Amino acid sequence: TPDMAAKLDAVLRRGGTVMFGLWPNSAAIRTLYNQVLFRDGAGVLPAALGETVGAAGPDDPGFRLAAEEEAYRRPPLLLFGAPELRSELVNEPFRSYVRLDAPPDGRAQRVLTFSRAGTAPAPPGSGAAKPDAALVQADKHRGRVFVFASSLNRDWTDWPTMQTYLVFWHEFLRHAVGNPDRHTVRVGELIEEFFPAAAAGLTAGLSGPDGLTATLPLKMQDEAGVAAFADTRLSGLYRVGLNGARGRAFAVNPPE
């Protein structure tokens, strides 16, 4: 619904992470996903949903996960650089997935792709069509969005029964919540701190370098009470809080 899309957008504005997993119900209402969540690239979904791709029948081995060699040198695939774990990961079977309109040069970065079981990935520069995306990530506002193009349960895959399932999603979770801290900004950039919605209408206090102090009204925004301070001319630590507390610190750094 538009209301849910607004809530997800608010999470991203606060620097949070949103994760989508796709499955038969998502595929059945893909038009609604595209209208409400993708919105021609302006919404929280970083790629439009296309048709469902499925195995041709019970004898079709289906699809497997794949990744560029470079992807194994950074999270969340860093652990799978070890040959044994990588071999297990790329041999987990998938019967179906939703094709994402996520071009390799678009804003949605591909973490994993799908390949036909038993078919070697095309070498770089071969001119072959790029494989379909399996897991993508994209920056949105202060946060990040991830989309997994198949099901997280056993509707379209038996991966949840394999040992790499828990290992992979554990590593993914560590990666997904490791978003750069929005409490680190540059000189001249806006400081924004989010408090519970019930705090809207109250006043927060701010202290900064060289004895700087200010009072900041909390305005209702993005489903939170937001304190904003724009006069960050001085580098140093700025602290914000309610009722005399100053527990939330921002590091304001000089330009590089």
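Being within 16 Å of the chain's Cα centre (by Cα) and either farther than 22 Å from Leu8 by Cα or at pLDDT below 95 (or both) is true of Lys140. Listed here are the strands (runs of 3 or more DSSP E) enclosed by region 136-218 that have at least 3 residues being within 19 Å of Arg248 (Cα to Cα) and open to solvent by less than 40 Å² (accessible area, probe 1.4 Å): 191-195, 203-207. Among the residues of region 1-59, those that are assigned to a strand (DSSP E or B) and among the aliphatic types (A, V, I, L, M) comprise Val18, Met19, Ala48, Leu49, Val53.
When residues in region 79-97 are screened for being closer than 21 Å to Arg174 by Cα and either at pLDDT 95 or above or open to solvent by less than 60 Å² (accessible area, probe 1.4 Å) (or both), 7 of them pass.
If you go through region 18-73 and pick out every residue that is open to solvent by 30 Å² or more (accessible area, probe 1.4 Å) and of a type in the set (Phe, Trp, Tyr), you end up with 3. Kindly indicate whether any position in region 192-204 is over 25 Å from Asp3 (Cα atoms) and in contact (Cβ under 8 Å) with a residue 60 or more places away in the chain. No - not one qualifying residue is present in region 192-204. Summed over region 45-75, the residues that are at pLDDT 95 or above and either over 18 Å from Pro131 (Cβ atoms) or acidic (Asp, Glu) (or both) give a count of 2. Scan region 68-88 for residues that are touching a residue at least 12 places away in the same chain (Cβ under 8 Å) and either under 16 Å from Tyr165 (Cβ atoms) or assigned to a helix (DSSP H, G or I) (or both) and jot them down. Once the filter is applied, which keeps residues that are touching a residue at least 12 places away in the same chain (Cβ under 8 Å) and either under 16 Å from Tyr165 (Cβ atoms) or assigned to a helix (DSSP H, G or I) (or both), region 68-88 yields Ala71, Tyr72, Pro76, Leu77, Leu78, Leu79, Phe80, Leu85, Arg86, Glu88. Pro2 meets each of the listed conditions (1) within 30 Å of Asp222 (Cβ to Cβ); (2) modelled with pLDDT under 90; (3) open to solvent by 30 Å² or more (accessible area, probe 1.4 Å) apart from (2).
Residues that are among the small types (Gly, Ala, Ser) and more than 14 Å from Thr232 (Cα to Cα) within region 164-221 comprise Ala176, Gly178, Ala197, Ala198, Ala199, Ala200, Gly201, Ala204, Gly205, listed in sequence order.
Each row is one residue, and each column tells you yes or no for (1) at pLDDT below 90; (2) farther than 21 Å from Leu12 by Cβ; (3) under 28 Å from the mean Cα position of the chain (by Cα).
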{"site": "Pro209", "(1), (2), (3)": "no, yes, no"}
{"site": "Glu223", "(1), (2), (3)": "yes, no, yes"}
{"site": "Leu242", "(1), (2), (3)": "no, yes, no"}
{"site": "Asn253", "(1), (2), (3)": "no, yes, yes"}
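For region 43-52, the criterion of being free of Cβ contacts under 8 Å to residues at least 40 places away in the same chain and within 24 Å of Ala176 (Cα to Cα) is met by at least one residue.
The values are calculated or read from the model by the stated rules, or taken from the named source; none is laboratory data. Just so it is clear, the model here is predicted, and its values are computed rather than measured. Positions of Cβ are generated from backbone atoms using ideal geometry, with glycine treated the same way; all protein chains shown enter the neighbour counts. For accessibility, only protein heavy atoms count, side chains too; no ligands or nucleic acids. Shrake-Rupley method; radii C 1.70, N 1.55, O 1.52, S 1.80 Å.
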